[in-house]
Amino acid sequence: MGRWIQLLVLTFFSPHLFAQEMSFNLRPGVTAISEQVYGLHMTIFYICCAIGVLVFGAMFWSIYHHRKSKGAVPAQFHESTKVEIIWTIIPFIILIGMAIPATKTLLAMEDPSDADITIQVTGSQWKWHYKYFDQDLEFYSVMASDWDEVNGKLEKRKNYLLEVDHPLVLPIGKKVRFLMTSEDVIHSWWVPDFAVKKDANPGFINEAWTIIDKPGIYRGQCAELCGKDHGFMPIVVIAKPQAEYDAWLAEKEAAYLAKQAQELELVAMTMQQDELMSLGEKVYEKSCAACHQVNGLGLPGVFPALKDSPIALGDVTKHIEVVVNGEPGTAMQAFGKQLGLKELAAVITYERNAWGNDTGDLVQAKDVVAVQNAAQ
Amino acid sequence: MLGHRRLVVRLLLVVVAMFGFGYALVPLYDVFCKVTGINGKTAKTASEVSMATDEQRIVTVEFISYVPQGLNWKFGPKVNRVKVHPGETLQVDFSASNFTARRGTVQAVPSVSPGLAANHLKKVSCFCFEQQTLAPGEQQDMPLFFYVAPELPEDINTLTLAYTLFAVEGAELNESETAQTRADGEVSNDAAL
Amino acid sequence: MSTISDVHSDHEEHHHAPRGLMRWVLTTNHKDIGSMYLWFSFAMFIVGGAMAMIIRAELFQPGLQLVEPNFFNQMTTVHGLIMVFGAVMPAFTGLANWLVPMMIGAPDMALPRMNNWSFWILPFAFSILLASLFMEGGGPNFGWTFYAPLSTKYSPDSTALFVFAIHIMGISSIMGAINVIVTIMNLRAPGMTYMKLPLFVWTWFITAFLLIAVMPVLAGAVTMVLTDKYFGTSFFDAAGGGDPVLFQHIFWFFGHPEVYIMILPSFGIISAIVPAFSRKPLFGYSSMVYATASIAGLSFVVWAHHMFTTGMPVEAELFFMFCTMLISVPTGVKVFNWVATMWKGSLTFETPMLFAIAFIVLFTIGGFSGLMLAITPVDFQYHDTYFVVAHFHYVLVTGAIFSIMAAAYYWLPKWSGRMYDEGLGRLHFWCSLVSVNVLFFPMHFLGLGGMPRRIPDYALQFADVNAIVSIGGFAFGLSQFIFLYLVIKCIRSGEPAPAKPWEGAEGLEWDNLPSPAPYHSFTTPPEIK
């Protein structure tokens, strides 16, 4: 018997023995609000437990003592206005006891005082975009777990599904305001440790705020079904002390500006086919394969195939346009904002020359720029 | 007691009425939004200029713009934020540029946060009241005249006005037509809009 | 009583009654239709359950093993739709068909031909829904709540079929509800006053009003989705002046009363079974009626508690929080009344009673988690996590489904004229009870630990608990075949049942009719004491 149990445990649970511990309860989190929410959660929980013990206690006492096999003779009472009134009023009083702390916490969450930092959070299928309102800094944040981990070809790492390429970095002790919106469907930005969950509605902005008490890495996920890869759009927030945050911000801003300058230089450069194809394949797998699939066949009826597709085999300019600007009203996003010029040129070249798409076309950064500024 | 037939007819009337009520929720919701400020919807028509100005108070108004994917336009406010006295009318210019090779029409959809402030952001005139059409490569300054109503709740000191630019569907449908007519020279597309 | 003339005399029936399949296609007999509803709902329970098994198999371990995410989303969507519209609601309609006429001393439902229609359009609705899964692009994948714009601009081509199927299901429910209302209002036997109606009749009466009030709103919502997707309207599209949050308001205006549609008849069932096996009259009959009515009334002013994270003004959040909390008062009254009914009774524990007791305990647990979810600030943490999944499965599986099981055991002798195998019944009960808790209880922990719902893959720390949940799921699924076997065995070879197999049972169906209840019962109204 012991052997069997051992075997069972090994079969089912061993791969995860070293994974992060799961919390079986809400976590108190790292903000004053999240701690208040945790306290409220526990209060309500204990009240429910107490009521449960009383009611079920009475019921099981009755089940044990008033059973026919013990010779119980049924009483015939079936009404008592007094009792009915009592057990209408008592729950009512308990509810008021619950409503008071709940209202207090809710009002504490509605603090309209000015924020120190404003972050624009924009959801799209299936990534987050962060923009620092007062800085020249914005970036996309995409899941960093490898699709091979998802498909079981690679061992899953510690923070599987909860890691991103560019986390949101925030200072501690400052009031941070989030302005949420979405580019396509409804998403919901949720970080449990802040007790912040707010829907990102397309066309509308929603507001939430937090003041983080402790430095650390906080992870969350999209909490509103948003299509195919809803399960694969994590949120990672790194909270740093102010000085570290300032240093990070300065570095990031400089890098952001440098990258933009570099982009301009790229226009003059010409890349070779090998370089375009190998970079293109990498970019494709990261940004395109989720929908169009690694083999370029897409998902029939949901996401079109690129192999032998009229776009990939047809006019180059049209192809660049679709990739750069997206296709309105479909899941095809505008990658012009998400990828650099080099990546765009490479991935379009790749799409035109992979899986038997033998156009032989090489797309260069300057071609992409030409489309981006088509009008000039 | 009603007969079967009359009772069924009455119940069917309830069903029809409730189906209608489902649709009535659409305008009802708009009214509800206006009253409570859900989703920060602002009025779609111009307001009168305010008579009174509250010199004692200063409110920060922030501007945000969103251009969704698939629209190769640039669009944004010339300033990120302004400080105003409630009641004081200000002009803020938004700049829009059409980077596509096509004439295009857009509609800016406003949203205000916090929602309760939406009723108090009064627009005297706004580019968002009507659709905007730009020729390829055209850049245009689009003005917004607004003031913050002095009745703005005391505890709100900052409000954010976001505009999301949406391509107008009808104009898009005419894209192919536009492409064809372009060859014959700049035929007016205004008829199509 | 004009309707007596609607019912053919026995003699005529023998002449005209078609045999074989056509008997079932053309039948207008409430017992036939009730049986068809019940069998149909069991079939849908198995189909929806099979989808749940696919979901749980995929979630058995982290990573994507069996299905790809788009198909996973179709499974969660269609599982929800089938269980709500295919399993629970038709089961209640089936019970109403069988029981309401017998309980009020009526010869049949008031509108027998409409009754036939309301059943026979259902298989078509579900065939359409299931067929859409095989279309290119797949079936509905936007969750059973079909939030716009995921269900409009971004939905698969098959969405029109989904809309059409929902319309048919809605029409069927509305016809069923109208039939119940007319039957109860017009066909009560002389002397059967409203306050003498059995609680099952009362709860169904109120449920039927909820149905005709909210199913048309659902029809409106799906129609708006249809026109938004295919005909260029923009009810839910900000670009055209619409609002995606409006969809949620319309949907939940339907959706919350819908939740009570799926639980009020359960209250009626439990209120019949608990007194029967306590051998003691129901405690607080009239307060039960008022509690049911107030739950139904309150259900219209709580819908936005499903939408706390959409961004509402704090006043609205407070209003919906308080109203939602208030619902626990009448619900509590019901639980207290059942306990008081058992108190000082003379209890025996046949299978119906076992399911009824499990209902009271487990439904109350679902009620507690519901109360926790009502508290807006903490709902921000629970919303759209497995805590919510645990909550509504406690209410719907151990609530609605357990009560349906209890009802099936309780009235099976009356329907079939034979006793079921009590040993098998207990086996079914204990297997279901244990596995359902292994299945749903740990989901509370998953949710509190931070696992969002509707995801095909999850972070590693959730792996162990998900494996346990899946095992519970498979066990619960398999346990239901015991029930199927038991019912078939009962119908084929059960011991003949007496007119009143339960010592403490009360009501016209037990006191005035033999077992099995004759094909035509109460052609002359019974005398009401």
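The values are calculated or read from the model by the stated rules, or taken from the named source; none is laboratory data. These figures come from a predicted structure and were not determined experimentally. As a convention, Cβ positions derive from the backbone with ideal geometry for all residues, glycine included, and neighbour counts pool all protein chains shown. Side chains are part of the model used for accessible areas, which takes the heavy atoms of the whole protein and leaves out ligands, DNA and RNA. Shrake-Rupley method; radii C 1.70, N 1.55, O 1.52, S 1.80 Å.
Please specify each residue of the stretch B:50-72 satisfying the condition of being in a loop (DSSP other than H, G, I, E, B), surrounded by 15 or more Cβ atoms within 10 Å (Cβ to Cβ) and in contact with a Pro (Cβ under 6 Å, 6 or more places away or on another chain). Even if it seems obvious, please write down each step before you answer.
Taking the stretch B:50-72 and keeping what is in a loop (DSSP other than H, G, I, E, B), we get B:50-58, B:67-72.
If we keep only those that are surrounded by 15 or more Cβ atoms within 10 Å (Cβ to Cβ) as well, we get B:50, B:53-54, B:57, B:67-72.
Within the stretch B:50-72, B:ASP54, B:ARG57, B:GLY70 meet the criteria.
Is it true that some residue in the stretch A:147-158 is touching a Lys or Arg at 6+ places or on another chain (Cβ under 7 Å), surrounded by fewer than 21 Cβ atoms within 10 Å (Cβ to Cβ), within 15 Å of A:ILE217 (Cα to Cα) and in contact (Cβ under 8 Å) with a residue 24 or more places away in the chain?
Narrowing the stretch A:147-158 to residues touching a Lys or Arg at 6+ places or on another chain (Cβ under 7 Å): A:149.
Those still in the list that are surrounded by fewer than 21 Cβ atoms within 10 Å (Cβ to Cβ) too: A:149.
Still in the list and also within 15 Å of A:ILE217 (Cα to Cα): none.
Among the residues of the stretch A:147-158, not one is touching a Lys or Arg at 6+ places or on another chain (Cβ under 7 Å), surrounded by fewer than 21 Cβ atoms within 10 Å (Cβ to Cβ), within 15 Å of A:ILE217 (Cα to Cα) and in contact (Cβ under 8 Å) with a residue 24 or more places away in the chain, which makes the answer no.
Quick check, is C:GLU506 at pLDDT below 95 and within 14 Å of chain A (Cβ to nearest Cβ)?
So C:GLU506 fits the description; yes.
So C:ALA517 fits all but one of (1) in contact (Cβ under 8 Å) with a residue 40 or more places away in the chain; (2) outside any helix (DSSP H, G or I); (3) aliphatic (A, V, I, L, M); (4) open to solvent by 20 Å² or more (accessible area, probe 1.4 Å); what number is the exception?
(4)
Is it the case that A:LEU168 is at the interface with another protein chain (Cβ under 10 Å from one of its Cβ atoms) and either in contact (Cβ under 8 Å) with a residue 60 or more places away in the chain or touching a Gly at 6+ places or on another chain (Cβ under 7 Å) (or both)?
Working: at the interface with another protein chain (Cβ under 10 Å from one of its Cβ atoms): no; either in contact (Cβ under 8 Å) with a residue 60 or more places away in the chain or touching a Gly at 6+ places or on another chain (Cβ under 7 Å) (or both): yes.
Spelling it out, it is not the case that A:LEU168 is at the interface with another protein chain (Cβ under 10 Å from one of its Cβ atoms) and either in contact (Cβ under 8 Å) with a residue 60 or more places away in the chain or touching a Gly at 6+ places or on another chain (Cβ under 7 Å) (or both).
Among the residues in the stretch A:171-182, are any of a type in the set (S, T, N, Q), within 30 Å of C:SER155 (Cα to Cα) and assigned to a loop (DSSP other than H, G, I, E, B)?
Step one: filter the stretch A:171-182 for residues of a type in the set (S, T, N, Q), giving A:181-182.
Narrowing the set further to residues that are within 30 Å of C:SER155 (Cα to Cα) leaves A:181-182.
Going one step further and asking which of them are assigned to a loop (DSSP other than H, G, I, E, B), we end up with none.
No, that holds for no residue.
From B:ALA96, B:ALA101, which residue is hydrophobic (A, V, I, L, M, F, W, C), within 14 Å of chain A (Cβ to nearest Cβ) and in a strand (DSSP E or B)?
Working: B:ALA101 fails: in a strand (DSSP E or B).
Answer to the check: B:ALA96.
Could you check B:ALA96 against (1) open to solvent by 30 Å² or more (accessible area, probe 1.4 Å); (2) in the same structural domain as B:LEU144 (by TED's automatic domain parsing) and say which number it fails?
With respect to (1) open to solvent by 30 Å² or more (accessible area, probe 1.4 Å); (2) in the same structural domain as B:LEU144 (by TED's automatic domain parsing), B:ALA96 is out only on (1).
For C:THR183, state whether it is part of a helix (DSSP H, G or I), surrounded by 24 or more Cβ atoms within 10 Å (Cβ to Cβ) and within 14 Å of chain B (Cβ to nearest Cβ). Even if it seems obvious, please write down each step before you answer.
Numbers: part of a helix (DSSP H, G or I): yes; surrounded by 24 or more Cβ atoms within 10 Å (Cβ to Cβ): yes; within 14 Å of chain B (Cβ to nearest Cβ): yes.
Spelling it out, C:THR183 is indeed part of a helix (DSSP H, G or I), surrounded by 24 or more Cβ atoms within 10 Å (Cβ to Cβ) and within 14 Å of chain B (Cβ to nearest Cβ).
Results for (1) within 18 Å of the chain's Cα centre (by Cα); (2) within 11 Å of chain A (Cβ to nearest Cβ); (3) open to solvent by 20 Å² or more (accessible area, probe 1.4 Å), shown as yes or no for each residue.
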residue: C:LEU347; (1), (2), (3): no, yes, no
residue: C:MET353; (1), (2), (3): no, yes, no
residue: C:PHE363; (1), (2), (3): yes, no, no
residue: C:VAL378; (1), (2), (3): no, yes, no
residue: C:TYR382; (1), (2), (3): no, yes, no
residue: C:THR385; (1), (2), (3): no, yes, no
residue: C:HIS393; (1), (2), (3): yes, no, yes
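Just the residues that are in contact with a helix residue (DSSP H, G or I) (Cβ under 6 Å, 6 or more places away or on another chain) and among the small types (Gly, Ala, Ser), please, taken from the stretch C:379-425.
Residues satisfying the conditions are C:ALA390, C:GLY399, C:ALA400, C:SER403, C:ALA406, C:ALA407, C:SER416, C:GLY425.
Can you name the helices (runs of 4 or more DSSP H) wholly within the stretch A:266-376 that have at least 2 residues being open to solvent by 30 Å² or more (accessible area, probe 1.4 Å)? Working first, answer last.
Numbers: elements: A:273-283, A:289-292, A:310-313, A:316-325, A:341-353, A:365-372.
Per the criteria, A:273-283, A:310-313, A:316-325, A:341-353, A:365-372.
If you scan the stretch C:433-456, which residues turn out to be open to solvent by 30 Å² or more (accessible area, probe 1.4 Å) and in contact with a strand residue (DSSP E or B) (Cβ under 8 Å, 6 or more places away or on another chain)?
C:ARG453
Against the definition (under 16 Å from the mean Cα position of the chain (by Cα) and open to solvent by less than 10 Å² (accessible area, probe 1.4 Å)), how does B:ALA108 come out, yes or no? Full working, then the answer.
Numbers: under 16 Å from the mean Cα position of the chain (by Cα): yes; open to solvent by less than 10 Å² (accessible area, probe 1.4 Å): yes.
The answer is yes for B:ALA108.
Which members of the stretch C:297-319 meet the condition of being in a helix (DSSP H, G or I) and open to solvent by less than 10 Å² (accessible area, probe 1.4 Å)?
We begin by selecting, within the stretch C:297-319, every residue in a helix (DSSP H, G or I); these are C:297-301, C:303-306, C:308-310, C:314-319.
Passing the criteria: C:SER299, C:ALA304, C:PHE308, C:THR309, C:THR310, C:GLU317.
Which residue out of A:SER141, A:SER62, A:SER124 is open to solvent by less than 30 Å² (accessible area, probe 1.4 Å), touching a strand residue (DSSP E or B) at 6+ places or on another chain (Cβ under 8 Å) and closer than 21 Å to C:ALA356 by Cβ?
On the way: A:SER141 fails: closer than 21 Å to C:ALA356 by Cβ; A:SER124 fails: closer than 21 Å to C:ALA356 by Cβ.
From the options A:SER141, A:SER62, A:SER124, the qualifying one is A:SER62.
So, in the stretch A:206-223, of the ones that are open to solvent by 10 Å² or more (accessible area, probe 1.4 Å) and either in contact with a helix residue (DSSP H, G or I) (Cβ under 6 Å, 6 or more places away or on another chain) or not in a strand (DSSP E or B) (or both), which residue ends up farthest from A:ASN159 (Cα to Cα)?
So, considering only residues that are open to solvent by 10 Å² or more (accessible area, probe 1.4 Å) and either in contact with a helix residue (DSSP H, G or I) (Cβ under 6 Å, 6 or more places away or on another chain) or not in a strand (DSSP E or B) (or both), the one farthest from A:ASN159 (Cα to Cα) is A:ASP213.
Residue check, C:VAL274 against (1) of a type in the set (A, V, I, L, M); (2) over 30 Å from A:PRO192 (Cβ atoms); (3) not in a helix (DSSP H, G or I), all met but one. Which one?
It fails just one condition, (3).
Please determine whether any residue of the stretch C:341-363 is small (Gly, Ala, Ser), at negative phi, assigned to a helix (DSSP H, G or I) and modelled with pLDDT under 95. Before you say what the answer is, go through the steps one by one.
Let us first name the residues in the stretch C:341-363 that are small (Gly, Ala, Ser), namely C:345-346, C:356, C:358.
Among the residues that remain, those that are also at negative phi are: C:345-346, C:356, C:358.
Checking the rest, the ones that are also assigned to a helix (DSSP H, G or I) come to C:356, C:358.
Subset that is modelled with pLDDT under 95: none.
Among the residues of the stretch C:341-363, not one is small (Gly, Ala, Ser), at negative phi, assigned to a helix (DSSP H, G or I) and modelled with pLDDT under 95, which makes the answer no.
Does any residue in the stretch C:299-316 that is among the charged types (D, E, K, R) come within less than 8 Å, Cβ to Cβ, of a residue that is assigned to a helix (DSSP H, G or I) six or more places away or on a different chain, and which pairs are these?
Listed pairs, sorted by first residue: C:GLU315/B:THR36.
Which one of these is over 22 Å from C:LEU282 (Cα atoms), within 7 Å of chain C (Cβ to nearest Cβ) and either touching a Lys or Arg at 6+ places or on another chain (Cβ under 6 Å) or part of a helix (DSSP H, G or I) (or both): A:ALA99, A:ALA108? Outline the logic, then answer.
Numbers: A:ALA108 fails: within 7 Å of chain C (Cβ to nearest Cβ).
That would be A:ALA99, the only listed residue that is over 22 Å from C:LEU282 (Cα atoms), within 7 Å of chain C (Cβ to nearest Cβ) and either touching a Lys or Arg at 6+ places or on another chain (Cβ under 6 Å) or part of a helix (DSSP H, G or I) (or both).
Restricting attention to the stretch C:247-256, does a residue exist that is in contact with a helix residue (DSSP H, G or I) (Cβ under 7 Å, 6 or more places away or on another chain) and facing chain A (nearest Cβ under 9 Å)?
yes
Given the criteria surrounded by 24 or more Cβ atoms within 10 Å (Cβ to Cβ), in contact with a Pro (Cβ under 8 Å, 6 or more places away or on another chain) and either within 9 Å of chain A (Cβ to nearest Cβ) or of a type outside the set (D, E, K, R) (or both), does C:SER278 qualify?
Numbers: surrounded by 24 or more Cβ atoms within 10 Å (Cβ to Cβ): yes; in contact with a Pro (Cβ under 8 Å, 6 or more places away or on another chain): yes; either within 9 Å of chain A (Cβ to nearest Cβ) or of a type outside the set (D, E, K, R) (or both): yes.
Judged against the criteria, C:SER278 is a match.
Which pairs do you get when a residue that is without any contact (Cβ under 8 Å) to a residue 40 or more places away in the chain, found in the stretch C:473-499, comes within reach of a residue that is crowded, with 19+ Cβ neighbours inside 10 Å, reach meaning Cβ atoms under 6 angstrom, with the pair 6+ apart or on two chains?
Final answer for the pair search is C:ALA499/C:SER515.
Within the stretch B:148-158, can you find the residues that are away from chain C (no Cβ under 14 Å) and open to solvent by less than 20 Å² (accessible area, probe 1.4 Å)?
In the first step, residues of the stretch B:148-158 are kept if they are away from chain C (no Cβ under 14 Å); the result is B:148-152, B:154, B:157-158.
Hits for the stretch B:148-158 are B:VAL148, B:ALA149, B:LEU152.
Among the listed residues C:GLN480, C:GLN461, identify the single one that is open to solvent by less than 60 Å² (accessible area, probe 1.4 Å), in a helix (DSSP H, G or I) and modelled with pLDDT under 95. Explain how you work it out, then say what you get.
Working: C:GLN480 fails: modelled with pLDDT under 95.
None of the other options fit; the residue is C:GLN461.
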